[in-house]
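Here the structure comes first, spelled out in structure tokens, and everything after it is commentary.
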Amino acid sequence: MIKGDQMNDRKQHVIDAARQLFIDKGFQATSIQDILNYSGISKGTFYNYFSSKNELLIALFKMIYKKIDHERNELLIGEDPANIDIFIKQVELQLKTNRANKLLFLFEEVLVSNDEELKQFIRNGQIRNLQWVYNRFIDIFGEGKKPYLLDCAIMFLGILLHNLKFSRMANKSTTMSLEKIVKYSMNRTLKLVDEVSEAGEQLIPPVVLDEWLPFCQNSHRMFQQELYHTILVLKKALNQNDEQNKYMELLDFIHDELLNNKKPRKFLVESALSSLNTNRDNLEKIHVQKLNQLVVSFFEQIQEKS
């Protein structure tokens, strides 16, 4: 009998093999038999892990998205979320990962296919990325400009994608620095944020994000992003606190318990929250409240599933 870790390792091996084939040949040109030959597994083993090549591609996308999320979050550790240079590094990191995995080519192959499930997955991924930029813009520009930041996030992504596209066309013999392109695009966006917010003009209200991705409100991925962002803000507020180490440890415990423990211990998380609640005067009260809400929602969902 194959143990769970062994099965996960073998499944990951198949995903890695498919990733290389998709990079070399493209998704459409790669057959399941190609994947079997390259990974050295049987057809039966493949179908134990994936019902189709499409499901395998979705698993690959999820793996890459998770890697990007983790590495972007690592760049924020110990840094000011409002630092534009950190945001530029995060976007550059994502673009490098996209380029290494030829994600744009894979996206294009999917969008011209007839597979609605795959196309919807790609569209949802694009909206999630927009949502991430929007949330980071709130960190950078502040709550006061929040009503206009979804419009600005859309414009930033449009400027960035077209600058990437036409810089490749204009520099066929050399590759322009991704950092330079991201920085240039962001500098243009800085002016737009000021202009739009001063004019008080809004094209698309941020509330539509909930309508575009209603299922994400309760998804683990969105919960992970919200939890990380909330804890990050609280850690920043602890910089001037005499009991900084104690509360840092409590926040790290809550984060690890909810995301890394297969059976999160509710009574321990609630105990850690109780200690944080007694320190509200030294913390961002609204974010302590947000953390409480996230924890309550988390355990309510567990109860509903049981």
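Just so you know, all these numbers are worked out from the coordinates, no wet-lab data involved. Not measured: the values here are computed from a predicted model. Note that we place each Cβ from the backbone using ideal geometry, even for glycine, and neighbour counts take in every protein chain shown.
Apply the a/c threshold of 1.5 to the C-alpha gyration tensor of the range 112-210 and tell me whether it is rounded, prolate or oblate.
oblate
Mind checking which aspartates and glutamates have their C-alpha under 17 Å from Lys146, skipping anything on the same chain fewer than 8 residues away?
Answer for Lys146, where 17 Å is the Cα cut-off: Asp194, Glu195, Glu198, Glu201, Asp210, Glu226, listed by chain and number.
Would you look at the GNM of the chain, springs on alpha carbons closer than 10 Å, and say which of Leu161, Leu234, Leu130 moves the most?
Leu161
Determine, for each peptide in 78-88, 145-155, the mean count of other beta carbons within 10 angstrom over its residues, then list the peptides with the highest first.
Packing proxy ranking, top to bottom: 145-155, 78-88.
Find the centroid of the Cα atoms in the range 69-134 and in the range 135-196, then give the distance between the two in whole Å.
14
For Ile154 and Leu268, compute 0.36 nm times the residue count separating them, minus their Cα-Cα distance, and round to one decimal in nm.
36.9 nm
If the chain between Gln20 and Lys183 were fully stretched, how many nm would it gain, using 0.36 nm times the residue separation less the Cα-Cα distance? The partial results should precede the final answer.
Numbers: separation 163, 0.36 × 163 = 58.68 nm, distance 3.07 nm.
In short, 55.6 nm is gained.
When a footprinting reagent is the concern and you count Cβ atoms within 10 Å, what order do Glu108, Glu143 take, fewest first?
The most exposed by this proxy come first: Glu143, Glu108.
If you average 1/r across every pair of different Cα atoms in the chain and take the reciprocal, what Kirkwood value do you get, in Å?
Averaging 1/r across every pair of different Cα atoms and inverting gives 21.9 Å.
Below 8 Å, C-alpha to C-alpha, sequence gap of six or more: please give me the relative contact order for the range 62-211 in percent.
26
Just need the relative contact order of the chain here, percent rounded to a whole number, with Cα pairs under 8 Å and 6+ apart. Don't skip to the end; give the middle numbers.
Numbers: 195 pairs, mean separation 40.3, N = 306.
Averaging sequence separation for qualifying contacts and normalising by length gives 13 percent for the chain.
Please go through the residue pairs Lys11/Lys96; Lys67/Lys165; Lys66/Lys285 and name each one whose alpha carbons sit more than 27 Å apart in this structure.
Exceeds cut-off: Lys66/Lys285.
How high is the FRET efficiency between Ser31 and Leu75 when r is their beta carbon distance and R₀ equals 35 Å, given to the nearest 0.05?
After rounding, the FRET efficiency stands at 0.35.
As I understand it, the dipole of the chain uses +1 on the Cβ of Lys and Arg and -1 on the Cβ of Asp and Glu, about the Cα centre. Which of Asn292, Pro206, Leu258 lies farthest toward its positive end?
Final value for the positive-end residue is Leu258.
Among Phe141, Met176, Met155, whose Cα projects farthest towards the positive end of the dipole of the range 62-211, with charges put on the beta-carbon of Lys, Arg (+1) and Asp, Glu (-1)?
Met176
Report, in debye and to the nearest 20, how large the dipole of the chain comes out about its Cα centre when Lys and Arg carry +1 and Asp and Glu carry -1 on their Cβ.
Here the chain has a charge dipole of around 960 debye.
As a footprinting exposure proxy, order Trp212, Trp132 by other Cβ within 10 Å, with the fewest listed first. Present the calculation step by step, with values, prior to reporting the outcome.
Numbers: Trp212 14, Trp132 19.
So the ranking, lowest neighbour count to highest, is Trp212, Trp132.
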